[in-house]
Amino acid sequence: MTLKHTINTAIKGLKAHKSRSALTILGIVIGVAAIILVVSLGEGAQNLILGQIQGLGAKTITIIPGRQPSGLSDSAQIFSDSLKERDLVLLKRRENVPALSNIMPIVFGGESAAYQGEAYRLTLFGGTELMAEIFDLFPSEGIFLTEDDVKSVANVVIIGATVKEELFGPAPALGEKIRIKDRNLRVIGILPKKGQGSLFNFDEMAIVPYTTMQKYILGINYFHRLVVEVENENEITRTVADITQTLRTAHNITDPEKDDFFIQTQEDLVNTLGTVTTALTMFLAAVAAISLIVGGIGIMNIMLVSVTERTKEIGLRKALGATNKDILTQFLLEAVMLTGTGGIIGISLGALFSFLISFGLSTALSLDWSFSFPFSAALLGIIVSGTIGIVFGLYPARKASLKSPIEALRYE
Amino acid sequence: MSIIETRNITKTYVEGDVETNVLRGVSFSVEPGEFVAIMGPSGSGKSTLLHILGFLDHHTGGTYQFKGKTIDDYTSEELSHVRNKSMGFVFQAFNLLARSTVLENVKLPLLYSDEPESRWDELATRAIESVGLSHRINYDVSQLSGGEKQRVAIARALVNNPELIFADEPTGNLDSKSGEAVIEILQHLSEQKGHTIILITHETHTAEHARRIIRIMDGQVASDEPVAHQRKPGDGKLK
C-alpha cells in the first residue's frame, strides 16, 4: 500500500472518532505548549537581561576586590579592602594601562535618608561624573555630578524618582537638603522614573560623589568596584592583562593564585548570566516534558482501545490482502498523526500564550521585553511528539498487525 | 494442474487440556473453473475448511497445495499477496467498511494490490456494474439493503479479477429473493467469466446451483459428487 493511501486511511480512522482523538491529544498539546511557553519566555528574559548588560557598553571592564569565588560556598570577598586610591592613580597612568580611556571608582551601601521627618531606606551609590554616561543616567531636573563635586568632596546628591516621591511627595526637592548618616546633602538632580526593567533600579537609589561617600558616610578608604572604560573593544584582552600586571606589581603579588582582585568583562557577565538563564529554562522545560510522557501513555491507551474495537476491520483488511506491515504502518501512522497534530496545536498555543504574556509584560510593566518564537524548541516539539507517537504507538500497532485474520474476522 | 489440492488435512483446536478435532483428514481437489458447493450441518467443519483454503487459518496436519505449491512454502507476505491477487471473499456478515461508500469499499483490495492507482476507479466501477449497483456507487453502505450489501461484497471480491472466489454462506443473512439474486451472480461468474467458485452453504437448494457438491460430516468428506440437475436462474421462483 502506498504511503498516500496509508495516510488517507489513518486520517479516516481518526476522523471516525473526532472527540476521542481530540481528547487524546490534549496531553500532548498541553505538554508541547508548556515547553514552548517556557523556552520562549526564557529566551525573552535572557534577551532582556543580556540586552541591559550589553547596554552598559562592551568597552567596560569591572575590577572587583577580593578573590574570584570558585564556587557557591566560597566566600568571595576576603580582601575586600584591596582596591584603594593609589591603585586608581597607578591605573590612570598611561604607561601602565595605555588603552584606558576612563576609570571610575564605585562605593555603595544601604543607607537611610531623611527629610523633615520622612525617612526612606535607599541604596547609596558613590561614583563620579562618568556614571551618567555609563549607566545612561540623565536627571530630569537639575544636573548630574561634576568633576569638581568629586574633587571637592561636595555634599551633593542626585536622587531617584521613588526616593523623591517618598521623601518629598509633590513638593519641590531640588536645592533641598536630605540627611544621610548625620550629613546634610543638597539635592542637585532628580532622575526620571525608569521602572522595574533596569538591571539596577536607580529609582530607589541616590548618587553622591565617591569621595563624599568614602569620607563622610562609610568612613572607608577603599573602593567596592573600579569601572574601566577602554578606548575600543579590541583592546579589552590587552587591557585586562595590563590592569592585572599593574595591580599585581602594586600589591606585591607573585603567585596569581593569591590575587586580591579579579576582573570581569562584559563578556564574562553575559556568559555567566546566559548559562544561568539557559539552565533554568532547560530545567523548567524538562518539568514540562514530563506531561509529554503522560500524554504518550494516554495515546497508547486509546490506541489499544482502538485496535481492539477495530479487530474486525483489521481481519477484513488482512483477508483482502493487507500484509502485517500494512496494518502496522496504518496504526503507527494514526498514533504519529495524533501526536503530531497535538504537537502542532501545542506549538501554536504555546507561541500564542508566550506572545500574549510578552505583550502584557512589555505594556503593563513597560519592560523592553521582546517576543521571540523559539524555532529550536518548536522543531524539538515536533520531533519529540512524533517520537512519542512512534514509541507509544508501536505496541498497539504491533498487536494489531499480529492478529490472525480469521480470529479477527470472527471477533464480535 | 488443480487449483486446490488437499490431502488428509486436519485441524485441531487446543483449549486448555481439551483437544477438538474439527477436521479429520479432508482430501479433495478443485480444478480451474469449477463451481463447488461445500455442504454440511453447523459444526461440521465446513467454515474452518474454507478459512484454511483461503489462507485465513492454518491447518494442523496434511498437505494443502495451492496451484501446485505447498502453502507451507509461502511466506506471510506471499500469502497476503495471493489472497489479494488470486482470491476473493464473500462473507455471510458482508464485512463492509462502515462509514464508507460503495466505491470505497470495492476499491479496498486495490489499496493492497500492484494495480496503478490510475486504474482503480475504472476497475471498481466495472465490478460494481457487474453486480448491477451502478446507481448506488456513491451511497454510504449503511444506506443499502442486505441484498445490496452482499452484492457490494461480491463486487469487492471481483475487483482484482481473482481466479478463485470463496463465498461463506453468502445467502445466510438474506431473504430468499435477495439470496437468489446473489446466487445468480455467482453462477454467472462461474459460467460466463470462468471464475472458480467455492460456496459454503447448509441449504441444498442453494448448493444445487453449483456443479459439484462436497458434503462434510464430523470433519470428514461424506460424499463428493456432481449435481445431477443444476439449478438455473428462475428455478427457485417456479417451485
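Descriptive notes on the structure:
- For the range A:209-223, Karplus couplings with θ = phi - 60° (6.51, -1.76, 1.60), whole Hz, Gly/Pro x: x, 5, 5, 4, 4, 5, 6, 9, 9, 9, x, 10, 10, 10, 10
- Residues A:Phe283 and A:Glu257, FRET efficiency given R0 of 35 Å [Cβ-Cβ distance, rounded to 0.05]: 0.55
- Note on B:Thr12/B:Tyr139: beta-carbon distance plugged into 1/(1 + (r/R0)^6) with R0 of 45 Å gives a FRET efficiency of 0.55.
- Summary value for chain A: 29 percent relative contact order, contacts being C-alpha pairs under 8 angstrom separated by 6+ residues.
- Rounded FRET efficiency, nearest 0.05, which uses the C-beta distance separating A:Glu231 from A:Ser140 and R0 of 41 Å: 0.85
- Cβ crowding within 10 Å ranks B:Glu191, B:Glu34 as B:Glu191, B:Glu34, fewest other Cβ atoms first.
- Nonlocal amide H pairs with B:Ile38, under 5 Å, H built at 1.01 Å: B:Leu199, B:Ile200, B:Thr201, B:Ile214
- DSSP assigns beta bridges within chain B; of those with both partners inside it, close to 55 percent run antiparallel.
- One compactness figure for the range A:60-265 is 1.08, namely its Cα radius of gyration divided by 2.2 N^0.38 Å.
- Of B:Thr75, A:Thr329, B:Thr101, the sequence from fewest to most neighbouring Cβ atoms within 10 angstrom is B:Thr75, B:Thr101, A:Thr329.
- Computed helical MRE - 222 nm, chain A, DSSP H runs ≥ 4 contributing -39500 (n - 2.57), nearest 500: -18000 deg cm²/dmol
- Across the range A:266-278, rounded Karplus estimates of 3J(HN,Hα) from the backbone phi angles (6.51 cos²θ - 1.76 cosθ + 1.60, θ = phi - 60°) give 4, 4, 4, 5, 4, 5, 4, 5, x, 4, 5, 5, 5 Hz, Gly and Pro being marked x.
- From phi via Karplus (6.51, -1.76, 1.60), per-residue ³J(HN,Hα) for the range A:159-164 in Hz, x at Gly/Pro: 10, x, 4, 5, 4, 4
- Among beta bridges identified by DSSP and lying wholly in the protein assembly as shown, the antiparallel ones come to about 70 percent.
- Summing +1 for each Lys or Arg and -1 for each Asp or Glu among the other residues whose beta-carbon sits under 15 angstrom from that of A:Ile28 gives 0.
- Percent RCO, i.e. relative contact order, over the range A:174-315, from Cα pairs under 8 Å lying at least 6 residues apart: 9 percent
- Taking A:Met303, B:Met217, A:Met104 and counting other C-beta atoms within 10 Å, the order from fewest to most: B:Met217, A:Met104, A:Met303
- Fully extending the segment from B:Glu122 to B:Lys193 would add 23.7 nm, taking 0.36 nm per residue of separation and subtracting the current Cα-Cα distance.
- The Cβ shell under 15 Å around A:Ile159 holds other residues with a net charge of -1, Lys and Arg each +1, Asp and Glu each -1.
- Near-label residues of the range A:90-114 by backbone N, under 13 Å of a point 7 Å along Cα→Cβ of A:Arg238: A:95-101
- For chain B, the longest site-free run once chymotrypsin sites (Phe, Trp or Tyr not before Pro) in DSSP loop states with at most 16 other Cβ atoms within 10 Å are removed: B:140-239
- Percentage relative contact order, the range A:60-265, counting C-alpha pairs under 8 Å, at least six apart: 35 percent
- Cβ-based net charge around B:Thr48, under 10 Å, with every Lys or Arg adding one and every Asp or Glu removing one: +1
- Under 5 Å between amide hydrogens, built in the peptide plane, is the criterion, and for B:Thr60 it picks out B:Thr10, B:Lys11, B:Thr12 among residues at least 5 positions away or on other chains.
A short reminder: the numbers here are calculations on the coordinates, not readings from a lab. What you see is a predicted model, and the numbers here were worked out from it, not measured in a lab. Please note: Cβ atoms are built from the backbone with ideal geometry, for glycine as well, and neighbour counts cover all protein chains shown.
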